[in-house]
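The values are calculated or read from the model by the stated rules, or taken from the named source; none is laboratory data. Being a predicted model, the structure only gives us computed values, none of them experimental. Cβ atoms come from the backbone with ideal geometry, glycine included; neighbour counts cover every protein chain shown. Accessible surface areas use protein heavy atoms only, side chains included; no ligands, DNA or RNA. Shrake-Rupley method; radii C 1.70, N 1.55, O 1.52, S 1.80 Å.
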Amino acid sequence: MGLPCRRLPHTDSKTVHHPDLGLVTVDCDTLTIPGNDLRIAMCSAPPATTTADQFALLDAIGTQALS
């Protein structure tokens, strides 16, 4: 039998520049498996923040231009 799969989470926040919204800060959780270089990164907006509002705006406008 192989080794048990243990996920080791790492949480961080990152700020990126979106061309229409400006600075957007997201929470990033990275899951890794010991002994393997595979990583899964999940980024999301913290609830009740400006970033969550910005993402809701993007969801509403889709691919429409903001200008």
> Taking segment 31-45 only, how many residues are farther than 30 Å from Phe55 by Cα and of a type in the set (D, E, K, R)?
Replying inline: 1
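Go through Thr51, Thr25, Thr15, Thr30 for me and flag whichever is in a helix (DSSP H, G or I), of a type outside the set (Phe, Trp, Tyr) and at pLDDT 85 or above.
Numbers: Thr25 fails: in a helix (DSSP H, G or I); Thr15 fails: in a helix (DSSP H, G or I); Thr30 fails: in a helix (DSSP H, G or I).
Unique residue meeting the criteria: Thr51.
Would you say Asp29 is of a type in the set (D, E, K, R) and open to solvent by 80 Å² or more (accessible area, probe 1.4 Å)?
Working: of a type in the set (D, E, K, R): yes; open to solvent by 80 Å² or more (accessible area, probe 1.4 Å): no.
Criteria not met by Asp29.
Could you please find all residues in segment 35-48 being surrounded by 14 or more Cβ atoms within 10 Å (Cβ to Cβ) and either touching a residue at least 40 places away in the same chain (Cβ under 8 Å) or not in a loop (DSSP other than H, G, I, E, B) (or both)? Break it down stepwise before answering.
Of the residues in segment 35-48, the ones surrounded by 14 or more Cβ atoms within 10 Å (Cβ to Cβ) are 43, 45.
Cys43 - this is the single residue of segment 35-48 that is surrounded by 14 or more Cβ atoms within 10 Å (Cβ to Cβ) and either touching a residue at least 40 places away in the same chain (Cβ under 8 Å) or not in a loop (DSSP other than H, G, I, E, B) (or both).
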> If you go through segment 31-49 one residue at a time, how many are in contact with a Ser or Thr (Cβ under 8 Å, 6 or more places away or on another chain) and among the polar types (S, T, N, Q)?
Replying inline: 1
